[in-house]
Amino acid sequence: MTPLRVGIGFGPGPGGWPEALAYVREAERLGVDSAWTSEAWGFDAVTPLALLAGQTERIRLGTGIVQVGTRTPALIAMTALTLQAISGGRFILGLGSSGPQVIEGWHGIPFQRPLQRLRETVDIVRAACRGERLAYQGSVYRLPLPGGEGRPLRTSAPPADVPIYLATLGPRALEVTGEIADGWIASSFMPTRSSTFLEPIRRGAARAGRSLDRFEIVAGGVVQFGDDIERLAAARKPGFAFEIGAMGSREHNFYKDAYARQGWHELVERVQALWLERRREEAAALIPDAFVLEANLLGTEAMVRDRIRAYRDGGVTTIQVSPAGETLAERLETLGRFMALVAEVNREAPALPSELA
């Protein structure tokens, strides 16, 4: 069985970019496999990876995620080819649809046909990265634009193989991920309930006649060590209340819906209702410790080791973690302890076969 890999996020915390860069460089020394950037309505997901490409040697660099629709597929391909070239082949293109609040509210772009847009974006990016002339007739994108003066163009950059991972949550989107992607970037994920997500991925792969032997799954959470489990869980509840209550509208909250499909329907409906009534402390207090523990890696070393096994047995190939700590030194100390536990688990025979086996 392929050993579990570890990923981390990259972005400016309280210490700014210099501290974030020092964090990734030390993580690379500790054996971390990948560093991931994200974008919402602050820093973009791409520019920081150009910085990392010049300051690291081995660690893989992924966008988690670039929002489709905010850039043309050709521009995404240009960006991917650039990062793949300057990183020496270490780049992973993570794509996702985001949601109407960001796409319409921040970018002013209609949030229409997101799944079809995602599928066509992958098609065009792959064709461009292979060095093909872009002649594409989709229902969202048509290249060249009909009736204009454009003609099919081929990239002037050297073609390159760029892995494409998709961040999806709904069943139909997960099936598309299984059909066309090289990997899946999870969110709102509980490893003991991973079949909620992996069964649709398997269906999509089967429909496309694809093997999932090399399919990657990136999922994880906060890592924090300690004996006071109640205190550790309590600190994470406001974040989950925000995710369930604020990361979407009453009608469209993909994160809340994902938790509902994992068996928490009644809970997330109540949490969202309290949040939208601006009763936010009550919303957070409603979340049980078990919910927080399911979605993170918290507790004693023995407990965290068991959580690592749960992610492994749930089909995860890369555990992306956010080590807790007030200072850079504390975060790195937590990360070092976690890496040692992952190494221990990797030396074990897995208790269960992979969900994608």
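The values are calculated or read from the model by the stated rules, or taken from the named source; none is laboratory data. All figures in this text were calculated on a predicted structure; none of them were measured in a lab. All Cβ positions, glycine included, derive from the backbone under ideal geometry; neighbour counts span all protein chains shown. Surface areas here come from the heavy atoms of the whole protein model, side chains and all, with no ligands, DNA or RNA. Shrake-Rupley method; radii C 1.70, N 1.55, O 1.52, S 1.80 Å.
Could you pull out which residues in the range 281-316 have an amide N less than 13 Å from a spot 7 Å beyond the Cα of residue 235, following the Cα-Cβ vector?
Hits in the range 281-316 for residue 235 at 13 Å: 297-300.
What is the sum of charges around residue 131, taking Lys and Arg as +1, Asp and Glu as -1, for the other residues whose C-beta is under 12 Å from the C-beta of residue 131?
Every neighbour counted, the sum reads +2.
Accessible area of residue 17, 1.4 Å probe, to the nearest 10 Å²?
For residue 17, solvent-accessible area is about 70 Å².
In what order, largest first, do 222, 271 sit by accessible area if the probe radius is 1.4 Å?
Of 222, 271, the descending order of accessible area is 222, 271.
Write down the accessible area per residue of the range 214-357 in Å², having rolled a 1.4 Å probe over the full set of protein chains.
47 Å²
Mind grabbing the accessible area of residue 41 for me, 1.4 Å probe, Å², rounded to tens?
Its heavy atoms expose roughly 150 Å² to the probe.
Taking the Cα atoms only, what angle lies between the long axis of helix 328-346 and the longest principal axis of the chain, rounded to 10 degrees?
Its long axis makes an angle of about 90 degrees.
For residue 216, which sequence-distant residues (separation of 5 or more, or a different chain) have an amide H within less than 5 Å of its own amide H, given hydrogens modelled in the peptide plane?
183, 184
Carbon and sulfur together cover what percent of the accessible area of the chain at a 1.4 Å probe radius?
52 percent
Which value at 222 nm does the chain reach when only helices count, each DSSP H run of 4 or more adding -39,500 (n - 2.57), with the total divided by all residues and rounded to the nearest 500 deg cm²/dmol?
That comes out to -14500 deg cm²/dmol.
Kindly work out what percent of the DSSP beta bridges joining two residues of the chain are antiparallel, to the nearest 5.
5 percent
Tally Lys and Arg at +1 and Asp and Glu at -1 over the other residues with C-beta under 11 Å from the C-beta of residue 164: what net charge comes out?
The answer is -3.
Between the helical axis of 265-276 and the dominant principal axis of the chain, each derived from Cα atoms, what acute angle in degrees is found, rounded to the nearest 10?
Relative to the chain, helix 265-276 is tipped by roughly 80 degrees.
Of all GluC sites (Glu not before Pro) in the range 45-121, which ones are in loop regions per DSSP and have a Cβ with at most 12 other Cβ atoms within 10 Å?
Sites meeting the loop and neighbour criteria: 57.
Take the alpha carbon gyration tensor of the range 1-160, find the square roots of its eigenvalues, order them as a ≥ b ≥ c, and report rounded if a/c is under 1.5; if not, report prolate when a/b exceeds b/c, else oblate.
prolate
Would you look at the GNM of the chain, springs on alpha carbons closer than 10 Å, and say which of 143, 81, 174 moves the most?
The residue that fluctuates most here is 143.
Just to confirm my numbers, what's the Cα centroid distance between the range 1-57 and the range 165-227 in Å?
Measuring centre to centre over Cα atoms gives 22 Å.
Sorting 317, 63 by accessible area (1.4 Å probe), largest first, what list results?
317, 63
Taking Cα atoms, how many degrees apart are the long axis of helix 73-86 and the longest axis of the chain, rounded to 10 and kept between 0 and 90?
Once rounded, one gets 70 degrees.
DSSP loop (so not H, G, I, E, B), at most 12 other Cβ within 10 Å: list which GluC sites (Glu not before Pro) in the range 190-244 pass both filters.
none
Report Rg/Rh for the range 130-266, rounded to two decimals, where Rg is the Cα radius of gyration and Rh the Kirkwood radius.
1.10
Would you please name the trypsin sites (Lys or Arg not before Pro) within the range 204-283 that are DSSP coil residues with at most 12 other C-beta atoms within 10 Å of their C-beta?
When the trypsin sites (Lys or Arg not before Pro) of the range 204-283 are filtered for loop state and at most 12 Cβ neighbours within 10 Å, 214, 250, 278 remain.
Rank these by accessible area, largest first, 1.4 Å probe: 190, 78.
Heavy-atom accessible area, descending, gives 78, 190.
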